[in-house]
Structures are given as structure tokens and as C-alpha cells.
There are 2 protein chains.
Amino acid sequence: MKLTKRTELRRAPSKGSHDWKTINPILDQGFLAHVAFCVAGQPFVFPTLYGRDGEKLYLHGSAASRMFVELATSIPACVTVTLVDGLVLARSAFDHSMNYRCVVAFGHAREIADPARKIESLRVISEHLIPGRWADVRGPSEQELKATTVLEFWMEEASSKVRTGPPLDDENDYSLPVWAGVLPLEIRSRPSISDEKLIKGISIPDYVRRYDARLNRGTVH
Amino acid sequence: MKLTKRTELRRAPSKGSHDWKTINPILDQGFLAHVAFCVAGQPFVFPTLYGRDGEKLYLHGSAASRMFVELATSIPACVTVTLVDGLVLARSAFDHSMNYRCVVAFGHAREIADPARKIESLRVISEHLIPGRWADVRGPSEQELKATTVLEFWMEEASSKVRTGPPLDDENDYSLPVWAGVLPLEIRSRPSISDEKLIKGISIPDYVRRYDARLNRGTVH
């Protein structure tokens, strides 16, 4: 990929990478992106779901949403996905840190107009979030498709940053009588809540019951 | 607070609010913000920890970090905090949604130069993330303070969006033989990992053992 000042890893370059082999697993585990764009020098950043197809991310939203109207004009965008893996508690305030994996991608989005490609992109987003769901549900109608904007965001440049492992204290601080270590964090599901209007005899699908496996598929504590 | 086009709730205004009573609990439960800024029309968005003091957020980072160097010049910034509460599985692809709480705040950051105020702001960030920790650890040295930039970000405008509750399907879809409901999600801790270099006789503090209470203190599924 192209590399410019935008993705230069200035801080702690040892934690960083421009390698898709590091970047893609982070994007594949995450499901929430924060998407930034500028309008007349004013930055905006909003959360959105996504799906990945090679070096493209698919984003979808209401055709009326400000973000999708702006992004569809192909202005520069920045998409960031952050996975929080744990709190790193050191003996000094200064050496506290966080274990995390983060991808920052720069590029431009283009609207997908063709209905067949649009449906396929929506399938990719759905399967990214809940593998197995798409086959079970009613697909989008013509009217629903019209009300939805789907964008393909080309990751022209991307970088990842990853921190893992224990706290790193100053040599002098190791003798302090302070607990230090890592508190791992992860996203977990709670028991699903069936809709009250569910018709009888429908059981909870496996992809819902076993969702935690999808959530934390790349986590190493 | 001031309200302009930036925070106008265009999409689903019923989910939105400009009320600090709704905004503050979201900011107080969250701990990771995504901060966006523009440099020559190029948007950047990076994750960072924060603490809240009234209508200000404190941010800290390396004095060498690109984001903190840029933000310290008081360019317009946008800070977004998103809490994911669950997946909303409807009978149609279109009506799938997410239960979430999100705050988007616009404003400018200013550097805190005074060492006493700087330490106090760092304490606020630390206590926001891990209440009780600050009193246990070695405080920042003069040199560590110099290596740290602390910013106060004034939330000149802010809005929240919240979605809760079950899926809302089209009337015709309720008869479909498709499981529908909510899969609640939350951040949870796993058992803490004590540092290998810990001196003997130090037990895990309560604020670490009971961290889940802090993590999900405002969640209603």
C-alpha cells in the first residue's frame, strides 16, 4: 500500500505495522468503526458497523444520514477500529497503559449504486457481524434498498498499533509495595432476549448462542 | 449549551438528546474516546482514554504524539464515545439494528501547562478509568510530567443518541418463522494477571477484583 506522512508511525513505532497480515485480523475481529471526515475544517466522527472485502470496507447507513451524504461525495475519510484487550496497571501512574489493537485507515468512499452489488455488500456487512444470519432473514426490498446508502471505503493507507503484555515499570519502581499486572477485558454476550412477538416453536440459532466465539476470535490475553 | 448545525439531530431525532443529564452518564460509563481532527482537509481519528470534569474532558498523551501536538493548537475537534449494548436481530435484514449509547461532542482543546493542574487532571483521568488506583501508585515525576501533554477539551456542543429495546419489524414480517430478539453485549473483565515481578505479599486490590461493577455501571439491557 501507499505510505505517506499520514500513516507514519511516529510514536512507539515498535508497536506499529503497515502489514495487512496484522491489520486484517483486527478488522475481522472488530465490528464497530469510528469514521471521521471534515466539512469546512470541522471534524466529525461517528460510529458505524462495517464489513471487509479485501482492502475495502463496506459501510451502510440511512440515505438521509449526514455522514453517508458527505462520504458519498468521496471526501477524504479516516476509519479507525479499536479493540480493547486490557488495562495495564503499573507501579507508577506514568507507566499505566492499555493493551489494545487498533487500525487506522485512510482513503475515500464511493457509493455502490448497482442493486445486486448493493445487496452483496449488505450481505458482507451482515455476515461480518453475525455469521449465519443473512440466510435466515427476509432480504431487502427495492424500497428498503433505496432508503439505504452503501459505501465502499478503499483503504489506500492503513496502519495498526498493538500493545500486549505486562506493565513495564522503571527499574527503581519494582520494589514498591504496589500491585501491578494486567486486567484483561473483552466484549461478551449475555443471554439473548427473544422478542415477545416471536411465533411459537422457534429456537435461538446457534450463531446467537455461540456469539462469544465470534466476538473474541482473535483475542490473546 | 450552544446548538448549531453540527449537532442538529437529523436522523431519528427521537433517539437523540442535547441534555447533559443524558450525555454525562454515557461519558462516565465509557473510558475510550475516539478523537477526530483535520489537517489540511485530511481527517484523523485516534482512540484515547479520558476523564470528565463537568463540561470538560481531560485527554493525555505523549508530548511527541501527532494528535496531541495538533490538538494543543486549539483546532476544532470532535470527541465521540460509543457504548455498545447489544445486537438487535429483526426478521428482515433491513430492520436489524444495534442497541447503543453514543455521545458526539464538538469543541476545542487547550493544553494544561501548570504542573499542579496537570497532576490533578491526570488524577481525574486515572480515577475515571480505575477508581481507587491513584492513591496506590507513585505519582508523576517532573520529567514524566514534561513527557506528557494534558489537554482540556471543552465540550461546546454535544449530543447523545441512544437505542434500546427489541427489534421493530414491518407488520407483515412478524409472521415469518425467523428468530428475532436482542443479544445483549457488554465489556467484562477476566481474572487479573499479576505481574511476574510483583514483590511477595501483595494482594489484588478490590478495585481490580470488582472492576466489572465500574465497567457496566450504567448498562440497562
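For B:TYR207, indicate whether it is among the hydroxyl-bearing types (Ser, Thr, Tyr), assigned to a helix (DSSP H, G or I) and closer than 14 Å to A:LEU89 by Cα. In short, yes.
For region B:146-165, filtered to residues that are under 24 Å from B:LEU215 (Cβ atoms) and not hydroxyl-bearing (Ser, Thr, Tyr), the residue that is surrounded by the most Cβ atoms within 10 Å (Cβ to Cβ) is B:ALA158.
The C-beta contact set for region A:34-58 (first residue under 26 Å from B:ALA40 (Cα atoms) and modelled with pLDDT of 95 or more, second residue small (Gly, Ala, Ser) and part of a loop (DSSP other than H, G, I, E, B), distance under 7 angstrom, 6+ apart or interchain) comprises A:CYS38/B:GLY41. Sub-7 Å Cβ pairs linking a first residue in region A:8-31 that is modelled with pLDDT under 85 to a second residue that is among the charged types (D, E, K, R), at least 6 apart or interchain, are A:ARG10/B:ARG66; A:LYS15/A:LYS161; A:LYS15/A:ARG163; A:GLY16/A:LYS161, ordered by first then second residue. Could we say that A:VAL104 is within 22 Å of A:LEU215 (Cα to Cα) and touching a residue at least 40 places away in the same chain (Cβ under 8 Å) here? Answer is yes for this residue. The set of residues from region A:168-204 being assigned to a helix (DSSP H, G or I) and either at the interface with chain B (Cβ under 7 Å from one of its Cβ atoms) or within 23 Å of A:VAL84 (Cβ to Cβ) (or both) comprises A:ASP173, A:TYR174, A:SER175. Take B:VAL208 and decide whether it is in contact with a Cys (Cβ under 9 Å, 6 or more places away or on another chain) and closer than 30 Å to A:ALA213 by Cα. It is false that B:VAL208 is in contact with a Cys (Cβ under 9 Å, 6 or more places away or on another chain) and closer than 30 Å to A:ALA213 by Cα.
Looking across region A:162-200 at every residue that is in contact (Cβ under 8 Å) with a residue 60 or more places away in the chain and of a type in the set (Asp, Glu), the one that is nearest to B:THR219 (Cα to Cα) is identified as A:GLU186.
Within region B:74-97, take every residue that is under 19 Å from the mean Cα position of the chain (by Cα) and more than 7 Å from every other protein chain (Cβ to nearest Cβ) and give me the one that is nearest to B:ASP173 (Cα to Cα). Looking at the filtered set, the residue picked out is B:GLY86.
With the condition kept exactly as written, say whether any residue in region A:169-187 is surrounded by fewer than 17 Cβ atoms within 10 Å (Cβ to Cβ) and under 30 Å from A:ASN24 (Cβ atoms). No, region A:169-187 contains no residue that is surrounded by fewer than 17 Cβ atoms within 10 Å (Cβ to Cβ) and under 30 Å from A:ASN24 (Cβ atoms). Of all the listed residues (A:THR149, A:THR219), the sole one being at pLDDT below 95, more than 7 Å from chain B (Cβ to nearest Cβ) and under 25 Å from A:GLU55 (Cβ atoms) is A:THR219.
The values are calculated or read from the model by the stated rules, or taken from the named source; none is laboratory data. Keep in mind the model is a prediction, meaning the values are calculated, not measured. Please note: Cβ atoms are built from the backbone with ideal geometry, for glycine as well, and neighbour counts cover all protein chains shown.
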